[in-house]
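The values are calculated or read from the model by the stated rules, or taken from the named source; none is laboratory data. On a predicted model such as this, the values are computed, not experimentally measured, just so you know. Every residue, glycine among them, receives a Cβ derived from its backbone with ideal geometry; neighbour counts consider all protein chains shown. Surface areas here come from the heavy atoms of the whole protein model, side chains and all, with no ligands, DNA or RNA. Shrake-Rupley method; radii C 1.70, N 1.55, O 1.52, S 1.80 Å.
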Amino acid sequence: MEGKMKRLLMSFVTVVLLASFAFAQSSKTTDVVVVGGGFGGLAAAVSALEGGAKVILIEKTPALGGASNFVEGSLAVESPLNKKLGKGKTKEEVFRTIMEFHHWNVNAAMTRKMINQSGDTIQWLMDMGVNFKGIVTVYPPEKSNYTWHIYDRAGAAGVKALTAKVRALGGEILTETPGMKLIVKNGAVVGVEATDDEGEKLTINAKAVVLATGGYSVNKELLNKYIPGYDEMGMIIMGPIPDKRTGDGVLRAEAVGAQLVSMNVLEASGPFLPVEPAVEQQIGGPDRIRHVKAALLQPFLWVNGDGNRFIDESLGSDWAITHNAMMQNGGKMFCIMDETQRKMLVEKGSILANSDFVPAGTKLTGLPEGFELGMKNGYVFKANTIADLAKQIGVDPKNLQASINNVNAYAKSGVDPEFQRRKDLLYTFQSKGPYYAIRGIPSYFSTLGGVKINDNAQALDTHGKVIPGLYAVGHDMGGMFDSTYYLIKEGSASYFALNSGRIAGDHITRTVTKTKK
């Protein structure tokens with residue numbers, strides 16, 4: 001009997017020890033938990049670590065960076081590069097332009113704080129070993145603000161450097177670990193319930209949580225809720241593959257009472273070909289596709305689904321403006337050109353830049369093969385007459401002919417009374433074919449709506465009050481854009497993530513953990 005009792009006692013002790021061990025493995029305690037490993041999350045993690053806090057960063061995918069890996073450059077004002085090159089506006093000038101663009105319908109205090117810090121953020125990245133190729137613009141000198149600081153080897157270089165810094169400062173990174181629920185006690189957010197890489201529940205207790213999951217770019221339910229007609233327009237996403245930006249941060253914050261704002265605002269990118277995956281094919285793919293995408297933007301004639309002209313075509317390089325114009329016209333457009341114009345693009349080069357992917361002046365030598373491929377796949381059309389071309393693309397032939405007649409007259413007079421296209425960008429169509437049409441559809445890089453925040457990146461509830469312990473950065477925060485992305489301040493989205501992340505991390509270590517000296 002005594003032996004049996006001893007064995008039962010030993011079994012009980014073993015069970016208790018195993019249970020204790022399992023519990024230890026399923027819960028962690030830290031100062032700060034960051035949910036999301038793109039620019040915003042990594043910047044928040046590094047900033048908090050630099051302030052003396054303990055940090056755990058969780059990322060639901062196997063690798064860090066997400067869309068940040070594909071970023072071309074980041075906005076900065078009065079940076080070391082601005083000063084070295086002697087180009088760029090002042091912080092005051094940039095702030096005023098941004099606020100006027102958005103009609104002051106944005107978080108002015110946060111905008112000002114991010115602009116003031118932006119130049120230092122470039123130095124901060126450079127100190128981590130990030131190299132910049134220079135400052136690039138798609139605008140003429142008189143219009144450019146020279147804010148777009150281009151990464152050497154794209155945003156992936158920044159992701160790599162920030163990740164190394166997190167680890168060097170003692171931060172813990174857990175991949176394949178999605179944050180499933182925020183933990184709330186007495187009205188404050190005090191941690192995250194996650195799922196670890198083996199599918200087991202993981203509780204992370206913390207003094208503060210930073211949401212940095214990148215918005216809801218591929219959540220079709222939310223997109224259709226906030227952007228009517230999203231599906232009908234066949235809108236294309238310029239995101240990473242696979243794209244996991246399903247709105248986790250926004251939804252988790254809303255579940256604990258956070259206020260959502262600007263949910264219908266996109267980082268729009270103008271017309272793209274109906275070819276996916278868009279980033280790999282139209283930005284980083286072969287010339288037979290990249291060069292057709294660049295040709296789509298050229299200033300010959302753009303028509304809508306009725307065959308009518310609808311925009312000043314010299315604005316083709318401006319993603320936000322062209323996107324807005326397309327959305328006003330049912331999301332459908334065609335760039336029309338004749339054989340002479342097509343040959344000019346091949347032999348002399350593009351007139352307008354396709355961002356810095358295909359700079360202005362690039363000889364579009366991929367067009368012959370690209371047009372053949374496009375005709376096979378239904379996004380390039382060729383005809384000997386305007387009437388036949390109109391039939392192929394499904395527009396009214398009288399409208400299309402009238403549009404061509406009009407731009408011919410404008411080119412002859414040097415004045416565009418419709419939309420004021422620049423005199424030097426008015427082109428005449430030949431009286432004989434062949435003629436071509438390239439089909440474009442609306443596209444976007446990311447969503448720009450999310451959690452309403454104050455100028456410390458603290459989440460606000462539906463009454464405008466701070467939710468203690470909860471922060472939202474990058475594309476999980478909203479209220480920073482009125483109705484559209486501002487391309488005139490090139491590099492805005494990534495600067496938005498980097499600087500809001502730094503601001504959140506700094507505020508946490510000064511006021512929540514009080515570790516910053």
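A few points about this structure:
- Amide proton proximity set for residue 181, modelled H, under 5 Å, gap of 5+: 193
- Helix 319-328 and the long axis of the chain differ in direction by around 70°, with both axes built from C-alpha atoms.
- Counting only Cβ charges, +1 for Lys and Arg and -1 for Asp and Glu, the dipole size of the stretch 388-472 around its Cα centre is about 280 debye.
- Rounded to the nearest 5, the antiparallel percentage of DSSP beta bridges internal to the stretch 289-442 is 100%.
- Probe 1.4 Å, accessible area per residue of the stretch 431-502, Å²: 23
- Residue pairs, from the table 60/185; 332/376; 84/516; 165/465, whose Cα atoms sit over 29 Å apart: 84/516; 165/465
- Computed about its Cα centre, the charge dipole of the chain is approximately 800 debye, with only Lys, Arg, Asp and Glu carrying charge at their Cβ.
- To the nearest ten degrees, helix 492-507 and the longest principal axis of the Cα atoms of the chain are 20 degrees apart.
- Over the stretch 70-197, accessible surface divided per residue gives 48 Å², non-protein components excluded, 1.4 Å probe.
- Antiparallel bridges, percent of DSSP beta bridges restricted to the chain (to nearest 5): 65
- Carbon and sulfur %, accessible surface of the chain computed with the full protein complex present, 1.4 Å: 52
- Each Lys and Arg contributes +1 and each Asp and Glu -1, all at the Cβ; summed about the Cα centre of the stretch 32-143, the dipole is approximately 100 debye.
- Dipole of the chain, positive end: most advanced residue of 70, 175, 477 [Cβ charges, Cα centre]: 175
- Dipole axis of the stretch 380-517 (+1 Lys, Arg; -1 Asp, Glu on Cβ), positive-most option in 435, 417, 505: 505
- Accessible surface area normalised per residue over the stretch 304-422 is 45 Å², counting heavy atoms of protein chains with a 1.4 Å rolling probe.
- For the stretch 115-235, convex hull volume per residue from C-alpha positions, Å³: 227
- Rounded to the nearest whole Hz, the Karplus-based 3J(HN,Hα) values (6.51 cos²θ - 1.76 cosθ + 1.60, θ = phi - 60°) of the stretch 31-37 follow the sequence 7, 9, 10, 9, 9, x, x, with x at glycine and proline.
- In degrees, nearest ten, helix 108-127 long axis to first principal axis of the chain (Cα): 80
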